[in-house]
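Reading through the structure tokens given below for one structure.
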Amino acid sequence: ASFMARELRHLSSDAPRGMVVDGSKLVRKLIGDTLLRELPNAQVIGCSDIAEARAVLADGAVDLVTTALVLPDGDGLALARVVREAAGQSYVPIIVVSGSAQEALEARAFTEDVTDYFDKSLGHGALAAFIRGYVQPAPIENARVLYVEDSRVVAVATKRMLERQGLQVLHVISAEDALEHLHRFIGRSDGDVGADLLLSDVYLKGQLSGRELLNQVRSVFRYGKRRLPVLVMTGDDNRDNQAALLREGANDLVLKPIEERLLVTKVLFQLRLSKLPEPGTRPA
């Protein structure tokens, strides 16, 4: 079993408990139905607010939580704290599901109590893929990650994390090398752009930074977030700098020091999302 499968092994038990917290009964049903499709034997408990969630937690442990960002008696961040306190040493994935998740992400509003976020505008197919990434992590066949990192020590460790998931990793040490690779694929008749995901450190020793590489991909190559997802790794805890990277086209950020489970989850989710049809379109 993978490290994520081991960490979340209780989700595969006979009757894992999932808690869905949202003020809308319809949203609770939609998310609950998605959870049950991924975990047919699960017990899914809907709560309209933090008070109801406290009562559920007092009745027994839960294995996965989704929450709205705004709740009738507080917010998803407050709920996350409540879940963490109730869970003690047990790890419980807490996912914020919200139509304004992207704005909250850009504002760096999420706390370390929140495992991850999902923006509802991506659609229910994407939500199912997202939840599957937590409960049934699986490799994505032949997925290629173009990885830009100038520290040999960091690169070796991160490359191993990705290769453990069956990903093909092409490691280069500069933004210039990454651009040279991408240039080789311009105009390919099969639409191949040279990688399925770009993972880059923001600070690089070459003339171009990871941020400038991101701008080249979005503004010069004109690859959108689905065509070539970009994850940017940064140790900069300045929220304005983090928000700027997201506004300029990063799909998501990976904060240093790198935590393997979150890195892999974010990479696999972006790869799955890139293969889904855009919201509002019909599959080919």
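Structure notes:
- Compared with the direct C-alpha span, the chain from A87 to R227 gains 46.5 nm at full extension, assuming 0.36 nm per residue.
- DSSP loop GluC sites (Glu not before Pro) with at most 13 other Cβ within 10 Å: longest gap in the chain: 142-258
- Of all lysines in the structure, the ones whose alpha carbon falls short of 27 Å from that of K275, not counting any fewer than 8 places away in one chain, are K29, K120, K159, K225, K266.
- The modelled label-to-label distance between I186 and Y203, using points 7 Å beyond Cα along the C-beta direction, is 3.1 nm.
- Accessible area in the full protein assembly, largest first, 1.4 Å probe, for K159, K275, K25: K25, K275, K159
- Accessible area per residue was computed with a 1.4 Å probe on protein heavy atoms; R239 scores about 130 Å².
- Relative to the compact-globule estimate of 2.2 N^0.38 Å, the Cα radius of gyration of the chain comes out at 1.02.
- For the chain, calculated [θ]222 nm from helices alone, where every DSSP H run of n ≥ 4 adds -39500 (n - 2.57): -11500 deg cm²/dmol
- GNM flexibility winner over the chain from V153, V27, V56 (Cα, springs under 10 Å): V153
- Most mobile listed residue (R84, R132, R222) in the chain, GNM with C-alpha springs under 10 Å: R222
- Area of I173 that stays accessible when all protein chains are in place (1.4 Å probe, Å², to 10): 100 Å²
- Distance (nanometres) between label positions extended 7 Å along Cα→Cβ at R164 and S219: 3.8 nm
- The alpha carbon convex hull volume per residue for the stretch 134-284 rounds to 128 Å³.
The values are calculated or read from the model by the stated rules, or taken from the named source; none is laboratory data. Everything numeric in this text was worked out from a predicted model, so none of it was measured. No Cβ is skipped: glycine too gets one built from the backbone with ideal geometry, and neighbour counts run over all protein chains shown. All accessible areas refer to the heavy atoms of the entire protein, side chains included, with ligands and DNA or RNA removed. Shrake-Rupley method; radii C 1.70, N 1.55, O 1.52, S 1.80 Å.
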